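Undergrad: Take this structure first; my questions come after.
The values are calculated or read from the model by the stated rules, or taken from the named source; none is laboratory data. In this text, all values refer to a predicted model and were calculated from it rather than measured experimentally. Cβ sites come from the backbone with ideal geometry, for glycine too, and all protein chains shown count toward neighbours. The area values use the complete protein model at the heavy-atom level, side chains included, leaving out ligands, DNA and RNA. Shrake-Rupley method; radii C 1.70, N 1.55, O 1.52, S 1.80 Å.
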Amino acid sequence: MVDVVLMQGFAGLMWLLSMALIVFSGFALIDAAVRREDAYRAADKKTKPFWLIVLGIAFVVNLLFPILSFLPIIGLIATIVYMVDVRPAIRALPGGGRSHRGSSSDGPYGPWNGGR
């Protein structure tokens with residue numbers, strides 16, 4: 001009886017870890033997708049298609065394979081590299097590396113106020 005309860009608890013914990021890994025890799029994939037292409041080159045961090053492919057594969061692997069297998073661990077490492085190295089470098093750029101659609105009166109240093 002105790003064995004069954006322990007195994008169910010372990011299975012529940014593995015399910016929670018698996019869901020957390022899927023959410024983490026999904027967030028990294030979405031974050032990589034909304035960043036500008038030129039931001040990756042400006043931060044000297046490979047290219048946007050490279051990171052989209054790597055993070056997309058990591059996301060799919062996390063969906064298909066159990067957490068204790070080898071491939072999700074590699075995907076986790078790739079996701080962590082993006083989150084702690086690439087993402088901060090891109091966010092440090094002006095505009096945070098996101099697409100910016102400002103007003104037509106915006107200048108290179110902010111909104112133009114006509115000398116007021």
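Undergrad: I need the full set of residues from the range 1-27 which are polar (S, T, N, Q) and buried (at least 16 other Cβ atoms within 10 Å of the Cβ), in order please.
TA: Ser18, Ser25
Undergrad: Taking the range 33-42 as the region of interest, how many residues are free of Cβ contacts under 8 Å to residues at least 60 places away in the same chain, open to solvent by 20 Å² or more (accessible area, probe 1.4 Å) and under 15 Å from Pro94 (Cα atoms)? Walk me through it before giving the result.
TA: Let us first name the residues in the range 33-42 that are free of Cβ contacts under 8 Å to residues at least 60 places away in the same chain, namely 33, 37-42.
Retained after the next criterion (residues that are open to solvent by 20 Å² or more (accessible area, probe 1.4 Å)): 33, 37-38, 41-42.
Pick out the ones that are also under 15 Å from Pro94 (Cα atoms) and you get 37-38, 41-42.
So the answer is 4.
Undergrad: Could I ask something else about it? Go through (1) surrounded by 14 or more Cβ atoms within 10 Å (Cβ to Cβ); (2) part of a helix (DSSP H, G or I); (3) of a type outside the set (Gly, Ala, Ser); (4) under 15 Å from the mean Cα position of the chain (by Cα) and name the single condition Ile30 misses.
TA: It is condition (1) that Ile30 fails.
Undergrad: Name the pairs whose Cβ atoms lie under 8 Å apart, with the first residue in the range 56-78 and closer than 13 Å to Phe24 by Cα, the second open to solvent by 20 Å² or more (accessible area, probe 1.4 Å) and not in a helix (DSSP H, G or I), and 6 or more positions between them or separate chains?
TA: Partner pairs satisfying both residue conditions: Pro72/Phe65; Pro72/Pro66.
Undergrad: Could I ask something else about it? Consider only pairs whose beta carbons are under 8 Å apart and that are at least six residues apart or on different chains; among these, list those whose first residue lies in the range 1-26 and is closer than 25 Å to Gly75 by Cα and whose second residue is at pLDDT below 90 and open to solvent by 60 Å² or more (accessible area, probe 1.4 Å).
TA: Pairs found: Met14/Pro66; Met14/Leu68; Ser18/Pro66.
Undergrad: Go through the range 43-83 residue by residue and tally those that are part of a helix (DSSP H, G or I), open to solvent by 70 Å² or more (accessible area, probe 1.4 Å) and within 15 Å of Ala20 (Cα to Cα).
TA: Of the residues in that region, 6 qualify.
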